[in-house]
1. Take residue A:59 and tell me if it is at positive phi, surrounded by 14 or more Cβ atoms within 10 Å (Cβ to Cβ) and either in contact with a Gly (Cβ under 9 Å, 6 or more places away or on another chain) or not in a strand (DSSP E or B) (or both).
2. Within 17 Å of residue A:91 (Cβ to Cβ) and surrounded by fewer than 16 Cβ atoms within 10 Å (Cβ to Cβ) - does that describe any residue in the range A:141-154?
3. Of the conditions (1) under 27 Å from residue B:130 (Cα atoms); (2) assigned to a helix (DSSP H, G or I), residue B:333 clears all except one; give me its number.
4. Can you spot a residue in the range A:71-80 that is touching a Leu at 6+ places or on another chain (Cβ under 8 Å), more than 14 Å from chain B (Cβ to nearest Cβ), farther than 30 Å from residue B:308 by Cβ and not aromatic (Phe, Trp, Tyr)?
5. Of the residues that make up the range B:371-380, is at least one of a type in the set (Phe, Trp, Tyr) and either under 29 Å from residue A:93 (Cβ atoms) or not assigned by TED's automatic domain parsing to the domain that holds residue B:82 (or both)?
6. Mind checking whether some residue in the range A:206-217 is within 14 Å of chain B (Cβ to nearest Cβ), aliphatic (A, V, I, L, M) and assigned to a helix (DSSP H, G or I)?
7. Among the residues of the range A:110-146, write down those that are of a type in the set (A, V, I, L, M, F, W, C) and within 8 Å of another protein chain (Cβ to nearest Cβ).
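The values are calculated or read from the model by the stated rules, or taken from the named source; none is laboratory data. A quick note: this is a predicted structure, and the numbers were derived from the prediction, not measured. Backbone-built Cβ (ideal geometry, glycine too); neighbour counts: all protein chains shown. Calculation scope for accessible area: heavy atoms of the full protein, side chains included, ligands and nucleic acids excluded. Shrake-Rupley method; radii C 1.70, N 1.55, O 1.52, S 1.80 Å.
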Amino acid sequence: MISTNSTGEPALRIENLDKYYGTFHALRGINLSVKRGEKIVVCGPSGSGKSTMIRCINRLEQHNGGRIEVLGTELNDDVGNIDEIRREVGMVFQHFNLFPHMTVLENCMISPMIVRKQPRAQAEATARLYLEKVRIPEQAMKYPSQLSGGQQQRVAIARALCMQPQIMLFDEPTSALDPEMVSEVLDVMVTLASEGMTMICVTHEMGFARRVADRMIFMDGGDIVEEASPDEFFTSSRNERTRQFLSQVLGH
Amino acid sequence: MVSLLRNQKVRNALLQVLYVGSIAAMVLAGIVIARRNLADQGITSGFDFLFKSTGWDVNFSLLPATANDPYWWYFLIGIINTLFLGSVGLILATIVGTIVGLARTSSNDLARLLGRTYVDIFRNIPLILQVFFWYAIITHLPTPRSAHEAWGFLLTSRGLYIPFPNVGSAAFAAATLAVIAAIVLPAWLGRTSRLAQPIGQRRTIQFAAAAAALACAAIILAIGRMPDTPLLDFPALQGLNLRGGLRIPPEFATLAIAIAIYGGSYIAEIVRGGFKAVGTGQVEAALSLGLSPWRVFTLVRLPLALRAMLPILANQYVWLMKATTMGIAVGFTDFFMIVALTINHSGQTLEAIGILMAGFLAINLSLAAVFNRINKAIALKGNQLRG
């Protein structure tokens, strides 16, 4: 069983993680440990393995070598372990991936009702609570495609939160949004961070990173190149590739 | 003049006039020629023949039929036979197609290979050859005396005999309607109450509706049961022949099988396409929420695939409905064969073919209309393709 108390055990421990796509070596022996309540921001150039890494954490990708331990449970071929981990790890995707044939409310209720066996009334109450939290309670009866991109992404965050996960993964949550909608999503994520959620975010929103990150991870070529506090990372990085990347991202 | 011809609007108008004019000319010429030919042969045109008795028999009918019945009654029999064969064929083809289509999208190599082989074989052999093939197999089954038997079912060259409830035909028809209602009603209720009651309550209502309809069916069967007979009538040998049960004639069985197998290969491809059209994003989101692969299938993949499939499926159904005209190849009295026999016996070629065309138009346009309704009802709401 996954323990819910926050004794010293880390939320996530990755050791020597290897991932291949055919012969392409996508992740090269990654090591990472995340404490409970810690907020990690992962950045790096496209193709550096950021998404692959966080998709390994809930087994959307199968790793080929090394060890992943989530909340004390090892992620391996054991289906029970996979289910257990997926229940406790929420994920938000770049393209929202809402279920287009269900209303916003149904999107939020379906998994708590089926996976957590919650009665309908309770699931609906929880769903409305989290829709309130992401500031779109009035959209509950609409269908996803009737909403703007920013609203859809906030629904996706609410949907993940309805499972009351202990860890949240964000895979470039604002990359597919029109610029004026980015901040409404980031605001929700900042609030979530301030409430102590364990978060691993792949994002290029450096302003957000500076505000909430406890630790910055810079990846390149399937490797973690640099790990540093945001202060250090943005102002005095010793790494050549990090500085080059930052100058490209922050250049304008 | 030249500059006028260069004007786009003038050009389009001229083309339209030319087009409509030539079609009108062709139709007119056809009518004139037909009238002259008919007059030469001494045939009177008109629909009076509909009320004369036919003088010949049909080998399969769901309604009472004798040689004294008028032509219009026979046409009705033909339409009902076609609808019956069509419905049975479409349902079977859908079942076959779904199984094969799922096999083709499966992650299992063997299932994929089998599915692909099936589609490649049955999609590429003309339907009429397949009809003859199944007819040859069925008519070479053993005679009633040495029939294959399993669970009260008898396979013979005279057809397939199945156990049948001992009820009157009216009661049986009513019970069938009730069973159909048990399937359609929950789906319909699911749609209309969708916004009002989220998931849980809706299920209860749907379940109650289905149960009520099935109870109706059971009551109808109990009331319509013939006095002092067992509930099920099993076929059995009496002398040289089989008595009891329900006989499915070889002609009907042949066509139903042929349409199921042939149509199934096309529907399999539609099913495969439908599942391919479901975004991997939605599937990944469902998995990341902890839903099991089976739940991901029933809650996300299937409902979304169905929406992608439906328009093409409707098209295929219309096509298969027309394939029932293969009845004439093996002597099943479908609508087309009744019309062909009518032409032979009455000589009213144009009228009979007119009725045939009108009948098929009515059947297929209704089918298309029903599917358009369903399609609109379950279409994804909203106007953005995002998500």
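1. Yes: the conditions hold for residue A:59.
2. Taking every residue of the range A:141-154 in turn, none turns out to be within 17 Å of residue A:91 (Cβ to Cβ) and surrounded by fewer than 16 Cβ atoms within 10 Å (Cβ to Cβ).
3. If we test residue B:333 against (1) under 27 Å from residue B:130 (Cα atoms); (2) assigned to a helix (DSSP H, G or I), just (2) comes out false.
4. Here is the first cut: in the range A:71-80, the residues touching a Leu at 6+ places or on another chain (Cβ under 8 Å) are A:71.
Going one step further and asking which of them are more than 14 Å from chain B (Cβ to nearest Cβ), we end up with none.
No: zero hits.
5. no
6. No - not one qualifying residue is present in the range A:206-217.
7. A:110, A:113, A:114, A:115, A:141
So that you can scan it fast, the table gives a plain yes or no per residue for (1) surrounded by 18 or more Cβ atoms within 10 Å (Cβ to Cβ); (2) at positive phi; (3) in a strand (DSSP E or B):
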residue: A:27; (1), (2), (3): yes, no, yes
residue: A:36; (1), (2), (3): yes, no, no
residue: A:54; (1), (2), (3): yes, no, no
residue: A:66; (1), (2), (3): no, yes, yes
